[in-house]
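Read the structure below first, then the notes.
The values are calculated or read from the model by the stated rules, or taken from the named source; none is laboratory data. Only a predicted model underlies this, so the values are computations on that prediction, with no experimental measurement involved. We place every Cβ from the backbone using ideal geometry, glycine too, and count neighbours over all the protein chains shown. For accessibility, only protein heavy atoms count, side chains too; no ligands or nucleic acids. Shrake-Rupley method; radii C 1.70, N 1.55, O 1.52, S 1.80 Å.
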Amino acid sequence: MEPSQDDGFKWFGEGFEGFPKRLPEDCVEYIIHVVDDTLKTPALLRARLTEILKAANESGKNLFKDYIWQRDQFALKLHPDIARQETGNSNPKALPEANTPLHLRGRTNFGDSIADEWLIVYFLLDLSRKFPEAWIRVYDTDGEFLLIEAANALPKWLNPEIAENRVWISNGH
């Protein structure tokens, strides 16, 4: 059966814009970028991100040592994966993140425990106090949930359709 133009579906090549990128249910994702004009080379940026990663791991050991996670625990990794890039795999189709600036990223499946999600926000807020050049974005399946929590204090013009990338944690705020 040939696809017809009047079946209501958009076929590949007919305005198909790709599949929507969504987090799995009950997951929170967090991204840490470093905004510092003194870090002029990727090597300096990588060193600073590694320093933040090490501090996060050490602080996390203390804060999370007796905490029982619902599903996944807090975890950060350096992105894009430098090891994959250094293995000689320079095919841009194999490395979709090749032009992505270096950053730290993590995802935690918190299951039914919203407390896990808020503990992560608390931890990232504290980490931002220690590293004021760190700009942290946190979002879940609902989107910018920090923005949702602050809905009563927001200007009327700000709505969910234009809210993406407007909420950042930095310097303890």
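Data for the structure
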read-out: Matching residues in segment 111-131 - criterion: being over 13 Å from Arg71 (Cβ atoms) and either of a type in the set (S, T, N, Q) or not in a helix (DSSP H, G or I) (or both); value: Ser128, Phe131
read-out: Residues located in segment 69-82, provided they are open to solvent by less than 60 Å² (accessible area, probe 1.4 Å) and either closer than 22 Å to Leu124 by Cα or at pLDDT below 55 (or both); value: Trp69, Phe74, Ala75, Leu76, Leu78, His79, Pro80
read-out: Only listed residue being outside any helix (DSSP H, G or I), open to solvent by less than 60 Å² (accessible area, probe 1.4 Å) and at pLDDT below 90, chosen from Val138, Val167; value: Val167
read-out: Per-region count, segment 6-39, residues modelled with pLDDT of 90 or more and more than 27 Å from Val121 (Cβ to Cβ); value: 2
read-out: Number of the exception - Asp66 against (1) modelled with pLDDT of 80 or more; (2) more than 13 Å from Phe131 (Cβ to Cβ); (3) open to solvent by less than 50 Å² (accessible area, probe 1.4 Å); value: (3)
read-out: Leading residue by the ranking (least open to solvent (accessible area, probe 1.4 Å)) among those in segment 141-164 that are β-branched (Val, Ile, Thr) and under 21 Å from Trp118 (Cα atoms); value: Thr141
read-out: Any pair with Cβ under 9 angstrom, 6 or more apart, that starts in segment 143-171 at a residue that is under 13 Å from Glu29 (Cβ atoms) and ends at one that is open to solvent by 90 Å² or more (accessible area, probe 1.4 Å) and not in a loop (DSSP other than H, G, I, E, B); value: Gly143/Pro160; Glu144/Pro160
read-out: Any hit, segment 97-108, residues being surrounded by 12 or more Cβ atoms within 10 Å (Cβ to Cβ) and at pLDDT below 85; value: yes
